[in-house]
Amino acid sequence: MTKTAGRRHLRRILAVGLTAVTVGALTGAPAAAAPAAAAAAAPNFGTNVTIFDPSMPVAEIQAKLDAAHAQQVNAEMGTNRYAFLFKPGTYGTDAQPLQIKVGYYTEVSGLGASPNDVVINGKVEVYNRCLTENGTANCLALVNFWRTLSNLSIKVNGAGQDGCRAGANFWAVSQAVSLRRLNVDGNFTLMDYCTAGPQYASGGFIADSQFGNVTNGSQQQWLTRNSKVGAWSNAVWNQVFAGVEGAPDDSAFPNPPYTTLATTPLSREKPFLFVDAKGKYAVRVPSAHRDTSGVSWDEDLTKGRTIPLSDFFVAKPSDPEWLINAQLLLGKNLLFTPGVYNVDQTIHVLRPNQVVLGIGHATLTAVNGVTPIKVADVPGVIIAGVTIDAGAKESKNLLQVGNKNGLKISSPSNPTTLSDVYFRVGGPHIGKVDTALEINSDNVLIDHTWVWRGDHGVEGFTEGVNGDTQRWRTNTGRYGAVINGDNVTATGLFVEHFQKYNTVWNGEKGTTVLYQNELPYDPPTQADWMNGKTKGYAGYKVGDKVKNHSLYGAGVYVFNQNNPSIVTENGFEVPQRPGVKLHHIMTVNLSAGVINHVVNGVGEAADMTKVGAPVFITDYPAS
């Protein structure tokens with residue numbers, strides 16, 4: 001998406017659009033209905049979306065999916081994006097199961113109104129990648145990022161697989177991978193125990209799903225919210241459950257390190273594409289709820305509203321930003337189809353209740369230092385399923401929600417919501433940003449995000465000390481997430497490797513349920529990692545003026561591989577007030593560097609005598 005001659009037409013479009021905004025922006029008035037013929041037309045999602053029908057032969061579907069996996073299984077820094085969507089019905093048989101393997105930047109989703117409408121008789125899996133000795137050694141899932149599985153049922157069937165693989169559905173993943181709206185009949189494992197070691201994994205996120213037996217295995221941290229589980233095998237560092245029926249008891253923390261909340265303080269399920277009874281495509285937009293547990297779909301349709309696809313502008317990477325902005329101004333919602341969008345003009349979401357939904361890991365890359373998306377101070381906006389990349393010229397932000405001095409028109413019952421929104425600084429190319437995610441609006445829900453300054457990639461650096469030093473100077477990101485709004489809730493906040501504070505929370509009455517952070521790997525010297533006279537920056541900072549804040553289940557990890565002598569004073573830094581409460585927090589040493597204390601000078605050092613052994617604090621301040 002670049003500047004085009006079409007700009008000359010923008011004035012006329014904006015004139016109409018601004019009138020619509022003046023009348024409807026503060027009321028959330030919907031756009032005019034599209035003509036019936038347009039609503040009935042088959043959607044054109046582009047060549048990177050494949051829609052399967054249950055009448056198609058299993059072998060044909062299997063071949064298509066196998067070819068995509070072969071292309072994407074090692075494409076960590078690639079540019080291809082894919083969505084595989086399944087119309088209602090059953091796929092695979094007991095004798096010929098459909099066994100799907102999911103690679104990078106791939107979404108596999110059902111198109112039913114309920115997860116029970118699409119049944120995969122077989123498996124949907126991710127295995128370890130074995131990175132050395134011709135694919136036979138150093139097998140792990142630590143970089144199995146960027147995949148989506150949602151809105152279907154799996155009847156686990158390992159027919160034809162070897163004995164180790166046959167007994168469970170394997171989902172060995174790490175960050176930026178979501179499991180939503182699943183109904184799994186059979187064993188499910190979050191690690192791949194069928195390869196050579198070390199079999200490490202670092203996920204992850206489950207929401208609105210039902211499972212039987214879940215093997216956590218080597219997963220270092222995981223959030224499961226608003227779900228049902230029959231059994232959960234174990235915990236490593238941070239295993240957090242919020243509103244989960246069957247969740248393990250956490251009274252023995254930290255042995256094991258479970259954190260269990262009976263209900264989720266605030267939740268809203270991610271919007272999903274589906275086909276209605278008449279064969280028309282629509283997007284279901286769930287409503288927000290407080291203090292809930294269990295799945296949203298077991299008794300009836302998930303509560304919320306249905307928007308016909310005709311009320312969406314279906315964007316493709318070739319569409320210019322002026323056209324996208326014009327469609328948003330006219331009241332359309334926005335659906336990004338799979339691909340990489342080079343964004344050199346900010347996309348503005350100005351109207352209440354507008355939905356911006358990406359499928360197939362649609363990726364927006366900042367060009368010439370722009371902020372790819374800005375959301376106005378209005379209630380009910382939803383941004384979901386998009387990845388936002390920094391570009392080679394520094395951007396102030398990658399996503400800005402509200403203005404620091406804005407109107408702050410918001411609604412506690414209808415929060416602006418970010419679901420599966422991922423951020424990347426570096427990796428496939430050099431990236432530069434000041435603050436990746438900035439939230440200034442009140443009443444915002446962050447439901448699963450990974451804000452990542454890349455610790456590895458193909459930016460042209462040589463891996464090792466010299467390359468890491470170059471990355472520190474060139475691949476820059478000062479802050480990961482800065483939360484200035486009040487009453488902001490985060491469920492599944494993953495922020496890693498930024499060069500100052502990874503997360504700064506200045507707003508009042510904030511709540512985080514699971515926080516995961518790795519400090520930057522690559523400061524060249526201690527002098528490069530100083531916060532005034534303090535050694536380093538805490539991984540999670542609550543602003544000095546904040547009076548009320550709650551954090552449940554959090555970890556800060558250190559791995560200063562570029563210079564193992566570097567020291568960080570505290571993993572967490574918060575004001576010492578009765579209303580600021582941290583529950584089940586920890587630091588851990590991954591084999592290089594030191595964190596002297598867990599929080600505010602309290603807690604033992606995570607040093608080289610405790611590699612892989614967390615330092616836990618049950619409550620701060622101590623009760």
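Data table
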read-out: Region 188-286, Cα convex hull volume normalised per residue, Å³; value: 129 Å³
read-out: Karplus-derived 3J(HN,Hα), 6.51/-1.76/1.60, for each residue of region 50-61, Hz, glycine and proline x; value: 10, 10, 9, 10, x, 6, 6, x, 4, 4, 5, 5
read-out: Bins of 5 Å, starting at 0 and running to the largest distance - Cα pair percent for region 70-162; value: 3, 13, 20, 20, 19, 14, 8, 3, 1, 0
read-out: Burial ordering of Trp232, Trp505, fewest other beta-carbon atoms within 10 Å first; value: Trp232, Trp505
read-out: Two-decimal Rg/Rh across region 467-592, once Rg and the Kirkwood Rh are taken from alpha-carbon atoms; value: 0.97
read-out: Rh by Kirkwood over Cα pairs, then Stokes-Einstein D for region 344-478 at 1.306 mPa s and 10 °C, µm²/s; value: 104 µm²/s
read-out: Estimated Rh, region 49-268: Kirkwood, alpha-carbon pairs, angstrom; value: 17.6 Å
read-out: Alpha-carbon centroid distance for the pair region 464-538 / region 594-623, whole angstrom; value: 18 Å
read-out: Cβ-placed point charges (K, R +1; D, E -1), dipole of region 125-223 about Cα centre in debye, nearest 20; value: 220 debye
read-out: Summed residue charge, Cβ within 10 Å of Ser410's Cβ, Lys/Arg positive, Asp/Glu negative; value: -2
read-out: Ordering of 92-103, 267-278 by burial proxy (mean other Cβ atoms within 10 Å per residue, highest first); value: 267-278, 92-103
read-out: DSSP bridge orientation in the chain - percent antiparallel, rounded to nearest 5; value: 15 percent
read-out: Difference of contour (0.36 nm per residue) and Cα-Cα distance, Asn255 to Thr609; value: 125.5 nm
read-out: Qualifying aspartates and glutamates (Cα of each under 14 Å from Cα of Lys500; at least 8 residues distant if same chain); value: Asp434, Glu518, Asp522, Asp528, Glu569, Glu573
read-out: Overall form of region 308-379 per C-alpha gyration tensor (a/c, 1.5; a/b vs b/c); value: oblate
read-out: log₁₀ of I(q)/I(0) at q = 0.16, 0.18, 0.32 Å⁻¹ - region 270-315, Debye sum with one point per alpha carbon; value: -0.50, -0.61, -1.29
read-out: Net charge contributed by nearby residues that have their C-beta within less than 10 Å of Gly579 (K/R +1, D/E -1); value: +3
read-out: Among Asn414, Tyr537, Leu266 - extreme Cα towards positive end, dipole of the chain, charges at beta-carbon; value: Asn414
read-out: Violating pairs (Cα-Cα greater than 18 angstrom) within the set Lys408/Lys545; Lys547/Lys581; Lys408/Lys547; Lys509/Lys547; value: Lys408/Lys545; Lys408/Lys547
read-out: Placed amide H near Asn342: partners under 5 Å, 5+ positions off or other chain; value: Thr365
read-out: For region 549-623, projected area of the alpha-carbon convex hull averaged over all directions, nm²; value: 4.6 nm²
read-out: At 1.567 mPa s and 4 °C, Stokes D of region 116-208 from Kirkwood alpha-carbon radius, µm² per second; value: 95 µm²/s
read-out: Size of charge dipole - region 549-623 - debye, nearest 20, with Cβ of Lys, Arg +1 and Asp, Glu -1, no other charges; value: 140 debye
read-out: Proximal charge balance of Val546 [Cβ under 11 Å; K/R count +1, D/E count -1]; value: +2
read-out: Student exercise, region 49-268 dipole from Lys, Arg, Asp, Glu Cβ charges, in Debye to nearest 20; value: 340 debye
read-out: Nearest-0.05 FRET efficiency for Leu407 and Asp94, computed from C-beta distance (R0 60 Å); value: 0.55
read-out: Principal semi-axes in Å for the chain [√(5λ), Cα gyration tensor, largest first]; value: 34, 30, 24
read-out: Three-way shape label, region 530-573, alpha-carbon gyration tensor, a/c 1.5; value: oblate
read-out: Qualifying lysines (Cα of each under 25 Å from Cα of Lys155; at least 8 residues distant if same chain); value: Lys64, Lys87, Lys101, Lys123, Lys228, Lys270
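Values quoted throughout were computed directly from the atomic coordinates according to the rules given, and no laboratory measurement underlies them. Note that this is a predicted model, so its numbers are computed, not measured. Note: ideal-geometry Cβ built from the backbone for every residue, glycine included; neighbour counts use all protein chains shown.
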